[in-house]
Amino acid sequence: MDKVLSFLENIGRYVLLIRPMDVLDMAIIAYLVYRLLKMVKSKRAENILKGVAVFLLALWISQLLQLNAINYLLRHIVEFGVLALIIVFQPEIRQLLESLGSRNIRLLRIFAPTESSSELERAIDQTVIACTEMSKTRTGVLIVFERKLLLDDMMRTGTTLDASVSSELLKNIFFLKAPMHDGAVIIRDGRILSAGCMLPLSKNANLSRDLGMRHRAGIGMSENSDAVVVIVSEETGSISVALGGMLKRHLMPETLSKLLRNELLPSAEEAAEKSHAGLATLLRGRVKGDHHGEE
């Protein structure tokens with residue numbers, strides 16, 4: 001009983017020594033670890049992390065058992081291992097940094113949430129119509145709906161358009177003899193910003209062999225961003241959607257429409273929050289302007 005009381009007293013002393021900045025420090029580390037685990041989705045990355053865990057366990061055991069020679073070698077390997085991990089996880093680290101940077105730019109959407117949602121809803125309807133018709137004629141289609149992560153690098157590989165989405169325009173772009181039919185169309189906020197774009201191919205070795213380059217490009221785009229990619233097979237005419245590295249195949253037009261709306265259109269609560277945030281920002285700006293006018 002005395003040992004238990006002594007143990008609890010020691011814990012109490014340590015708790016009293018914890019500063020608010022220590023809590024913040026641990027919270028940041030926990031968040032970074034959470035983001036790292038959330039990023040790691042592929043089997044390759046999972047196996048690498050398992051290898052790192054085994055290596056750190058061996059390092060700890062060698063130090064515990066005073067295996068000096070082994071511990072010396074492992075500690076020096078760690079110095080090169082950190083650099084190796086940065087190189088291996090370069091795509092995931094780049095994706096995280098791009099995501100953080102894109103969120104600041106996306107704040108501009110707050111000022112016109114209603115118009116943006118309306119145009120995006122129309123773009124979804126026109127996309128479903130176009131994909132349904134091109135599915136019947138077995139025309140290859142690759143359409144990327146950008147979300148929070150900006151795709152400016154991908155847009156530069158194609159031809160800039162900046163046009164409203166219509167089924168006729170999409171059918172003309174993906175017409176077999178059109179110059180941009182082999183590339184992807186990128187849509188931002190309900191407008192076609194670029195066509196004929198080149199997308200990164202998926203590096204997933206477990207993909208089905210019956211998937212062609214168009215499907216692999218769509219999956220690769222969804223692996224490297226938070227985009228929603230619509231694909232129509234040139235061989236079978238089936239409609240698919242790539243999302244988060246996963247492929248939903250053989251979709252009916254109604255299912256495609258529902259999926260795109262669920263993924264791209266904000267919910268009523270999100271729209272209300274954006275509207276309130278935009279109104280508050282505008283009011284703050286007006287109050288500041290009135291104060292300057294009085295001075």
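The values are calculated or read from the model by the stated rules, or taken from the named source; none is laboratory data. Small disclaimer: the values here were computed from a predicted structure and weren't measured. Cβ atoms come from the backbone with ideal geometry, glycine included; neighbour counts cover every protein chain shown. Keep in mind that these areas ignore ligands, DNA and RNA; they rest on the heavy atoms of the full protein, side chains included. Shrake-Rupley method; radii C 1.70, N 1.55, O 1.52, S 1.80 Å.
What relative contact order, as a whole-number percentage, does the range 180-275 give when Cα pairs under 8 Å and 6 or more residues apart are counted?
Once divided by the residue count of the range 180-275, the mean separation gives 15 percent.
Going from most exposed to least, what order do His76, His181, His215 have by accessible area with a 1.4 Å probe?
Per-residue accessible area, sorted high to low, gives His76, His181, His215.
Run the simple label-point estimate for Ile29 and Ala163 please: 7 Å along Cα→C-beta, distance reported in nm.
Output for this residue pair reads 5.5 nm.
Mind ranking 25-34, 51-60, 223-232 by how tightly packed they are, going by the mean number of other C-beta atoms within 10 angstrom, highest first?
223-232, 51-60, 25-34
Considering the options Thr236, Leu161, Leu260, tell which one lies farthest towards the positive end of the dipole of the range 122-269, charges being +1 on Lys and Arg and -1 on Asp and Glu at the Cβ, about the Cα centre.
Checked the options; the winner is Thr236.
If each of Met198 and Tyr72 carries a label point 7 Å out from its Cα toward its Cβ, how far apart are those two points in nm?
Each label point lies 7 Å from its Cα, and together they span 5.0 nm.
With all protein chains present, calculate the accessible area of Glu235 using a 1.4 Å probe and round the result to the nearest 10 Å².
Solvent-accessible area, nearest 10 Å²: 130 Å².
Can you give the local net charge around Ile124? Use residues other than it whose beta-carbon is closer than 14 angstrom to its beta-carbon, Lys and Arg +1, Asp and Glu -1.
-1
Please work out how much length the chain gains when fully extended from Lys136 to Lys3, using 0.36 nm per residue of separation minus the C-alpha to C-alpha distance, in nm with one decimal.
Full extension from Lys136 to Lys3 adds 40.1 nm.
Heavy atoms only, probe 1.4 angstrom, no DNA, RNA or ligands counted: give me Thr137, Thr157, Thr127 ranked by accessible area, highest first.
So the residues, ranked largest to smallest area, are Thr137, Thr157, Thr127.
If you rank Arg188, Arg13 by how much accessible surface each has, with a 1.4 Å probe, what is the order from largest down?
The ordering from most to least exposed comes out as Arg13, Arg188.
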